[in-house]
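A short write-up of the structure that comes next.
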Amino acid sequence: MPLFLTILFMGVVTYSIRLGPILFFSQREMPDWLRRMLRYVPTAVLTAIIVPEMLFPGGELALSWMNMRLAAGAAAAFVAWRTHNVLWTIAVGMAVLWVGSWLVG
Amino acid sequence: MSFSPFTARQEFVAGLKAEMPIALGVIPFGLIFGVLALAAGVPPLLALAMSSLVFAGSAQFIGAQLIGAGTPGLVIVLTTFVVNLRHALYSSSLAPQMKHLPRRWQFLLAYLLTDEAYAMTIIRYQQDKRDEANQKHYYFLGTGVLLWTVWQVSTAVGIFLGTQVPPGWQLDFTLALTFIGLVVPTLKDKPHVASAAAAAMVAVLTFSWPYKLGLVAAALSGIFVGVILEQGQRFQAGLSAALLQEEVE
């Protein structure tokens, strides 16, 4: 598939996911099983994206405190838990990552 | 006619203001997307097209990585579907309060429905559930327009700066950090914690799978575990209620 078509279909798929429920479920009730499944989608998908970013920094599993992405992610999770503020979460996470990488490197 | 205490203009400005901190956090991620897309071999014009056609940071980021790895288009589109499936939840949770809007508003706001716009919009929508009695779709529009503008400009700057951003800054990690900020508040009960734990475990076990298919497996496992555990809790609650009833009798 040419790259342009791949990107176009990525867009079509994304827009359909965003528009479909607005059009469909404004006319009728959502079935209960679907509502229950959808409730866990953000938690599951976001976690599935985050965890490899933290644990496989160079493509290899790094379960150690010398892995600064793990340390930074843990610090960020703590800030997110206490503040529920995305900007603080990013700021503290990046600060730990930079200072930590500087100390280790 | 409107019963809203706020005019369309006030709602729009309030949306812009509320979205400001999150939009700031998106800038480094937009820059790094531009840089990464070029590094993955996506031509500058197509990288720009991706930001306006797809307009979904995580899917674009993962898409660029997959393109760089020479992944078949069909697999990239499937991964995009799974990664963006969470938007169906956002969309359906807003649907009841959007049904009175004209079609053109529904089509426009759907295009602007990202994690970051939803995070602010849902707070405003939960404050006031009356449908036709207000102008709060302008609030949604404000959050979406700001985020859209910041995303287009920052990815464009990233594309034109090309490789000027030093890799030592590790700006790509702002994606994971943004998502940590969004996911931690969702861990409010046992099924959600278990869902995250299952997704995390499967993501580690399947990391070596080709084409990021491990991501798909991890996401589906997380959803499955969450639903099953919630079902179990419901069953237990029903059982203990029934036992209590018997004791009373």
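Numbers for the structure displayed
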{"read-out": "Unique residue being surrounded by 13 or more Cβ atoms within 10 Å (Cβ to Cβ) and in contact with a Ser or Thr (Cβ under 6 Å, 6 or more places away or on another chain) when the list is B:Val157, B:Val216, B:Val193, B:Val225", "value": "B:Val225"}
{"read-out": "Of all residues in segment B:1-31 being touching a residue at least 12 places away in the same chain (Cβ under 8 Å), more than 19 Å from B:Ile123 (Cα to Cα) and over 22 Å from the mean Cα position of the chain (by Cα), the one that is least open to solvent (accessible area, probe 1.4 Å)", "value": "B:Ser2"}
{"read-out": "Helices (runs of 4 or more DSSP H) completely within segment B:94-212 that count 1 or more residues being at the interface with chain A (Cβ under 8 Å from one of its Cβ atoms) and closer than 29 Å to B:Leu46 by Cα", "value": "B:103-111, B:115-127, B:173-183"}
{"read-out": "When residues of segment B:123-144 are limited to those that are open to solvent by 40 Å² or more (accessible area, probe 1.4 Å) and touching a Ser or Thr at 6+ places or on another chain (Cβ under 9 Å), the one modelled with the lowest pLDDT", "value": "B:Glu132"}
{"read-out": "B:Trp148 under 22 Å from the mean Cα position of the chain (by Cα), aromatic (Phe, Trp, Tyr) and open to solvent by 50 Å² or more (accessible area, probe 1.4 Å)", "value": "yes"}
{"read-out": "Residue satisfying all of: in segment A:1-38; basic (Lys, Arg) and at the interface with chain B (Cβ under 7 Å from one of its Cβ atoms); least open to solvent (accessible area, probe 1.4 Å) among these", "value": "A:Arg18"}
{"read-out": "Filtered residues of segment A:58-99 (kept if farther than 11 Å from B:Gly181 by Cβ, open to solvent by 60 Å² or more (accessible area, probe 1.4 Å) and in a loop (DSSP other than H, G, I, E, B))", "value": "A:Gly58, A:Glu60, A:Leu61, A:Leu63, A:Trp65, A:Met66"}
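Residues are listed down the side, and each one gets a yes or a no for (1) free of Cβ contacts under 8 Å to residues at least 40 places away in the same chain; (2) in contact with a strand residue (DSSP E or B) (Cβ under 8 Å, 6 or more places away or on another chain); (3) within 25 Å of A:Tyr40 (Cα to Cα):
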site	(1), (2), (3)
B:Phe33	no, no, no
B:Leu74	yes, no, no
B:Phe81	yes, no, yes
B:Met98	yes, no, yes
B:Arg103	yes, no, no
B:Ala110	yes, no, yes
B:Ala117	no, no, yes
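The values are calculated or read from the model by the stated rules, or taken from the named source; none is laboratory data. If you're wondering where the values come from, they're calculated on a predicted model, not measured in any experiment. Methodologically, a virtual Cβ is constructed for each residue, glycine included, from the backbone with ideal geometry; neighbour enumeration extends over all protein chains shown. When the accessible area is computed, the model is the full protein with side chains, heavy atoms only, and any ligands, DNA or RNA have been set aside. Shrake-Rupley method; radii C 1.70, N 1.55, O 1.52, S 1.80 Å.
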